[in-house]
1. Which of rounded, prolate, oblate describes region 1-72, given a ≥ b ≥ c as roots of the alpha-carbon gyration tensor eigenvalues and a/c under 1.5 marking rounded, otherwise prolate only if a/b is larger than b/c?
2. Tell me the mean residue ellipticity at 222 nm calculated for the chain from its helices only (DSSP H runs of n ≥ 4, each -39500 (n - 2.57), averaged over every residue, nearest 500).
3. Can you tell me the length gained on complete extension of the stretch Leu122 to His139, counting 0.36 nm per residue apart and subtracting the Cα distance?
4. I want to check the label-to-label distance for Val157 and Val61. Put each point 7 Å from Cα in the C-beta direction and report it in nm to one decimal.
5. Local charge sum around Ala28 (other residues, Cβ-Cβ under 15 Å, Lys/Arg +1, Asp/Glu -1)?
6. Does region 58-99 come out rounded, prolate or oblate by the C-alpha gyration tensor, with a ≥ b ≥ c the root eigenvalues, rounded set by a/c under 1.5 and, if not, prolate when a/b is larger than b/c and oblate if not?
7. Give me the distance in nm between label points sitting 7 Å out from Cα along the Cα-to-Cβ direction at Val171 and Glu8, one decimal.
8. What whole-number value in cubic angstrom gives the convex hull volume per residue for the C-alpha atoms of region 29-171?
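None of the figures in this text is laboratory data; all of them are computed from the coordinates on show. Keep in mind it's a predicted model, so treat the numbers as computed, not measured. Cβ atoms come from the backbone with ideal geometry, glycine included; neighbour counts cover every protein chain shown.
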Amino acid sequence: MEALATAEEEVLALRREKVRRLDGLGHACKGRLRIAGACNVLAGWLLIPQAAAIAWAVQTVLVERTGAHGATTTALAALLALGLLRAGLAWMSRAQADTAVEAIRADLRTGLIRRLFANGPLWLRQRRSGELAELMGTHADAVEGYFGGYLLARAEVGAVPLAVLGAVVWV
């Protein structure tokens, strides 16, 4: 039983080390990643007034039977404005995240090249060229999923459901 606990602790320590290294890669672009995460969260929070605008429009048409006059037009205009605002925030989030990922990828590749050249030509000659090319290409591109996807989704999942729950409890 004690060996199992020790193995689990080792796995957790390795995971923490990997996350620490990944976060270290993104340190230079932390501001852009924060802006991207904030835009994602704001777009998610705008789901609440967007749902309210939909409910308002449905109520004016189906319950109050006012048709396409006054309140219905206002509700639909609010729905359109909120949809455009959410789309703009999503675009800005994606643009900031993509810029950050490109900078992180370039820094990572530059660091890899420096380490390869620091090892010298004899060391390089002992390695397979395909292995080195894959390291520079595929493995360096793998950071996109973490910085351009996971971190943004983590921010959104942490903040948006709480706001939706708060809105449901408040109403």
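1. Oblate.
2. Calculated mean residue ellipticity at 222 nm is -27500 deg cm²/dmol.
3. Taking Leu122 through His139 to full extension adds about 3.8 nm, to one decimal.
4. 3.4
5. +3
6. Prolate, because a/c is 1.5 or more and a/b exceeds b/c.
7. Placing both labels 7 Å along Cα→Cβ, they lie 4.1 nm apart.
8. It is 120 Å³ per residue.
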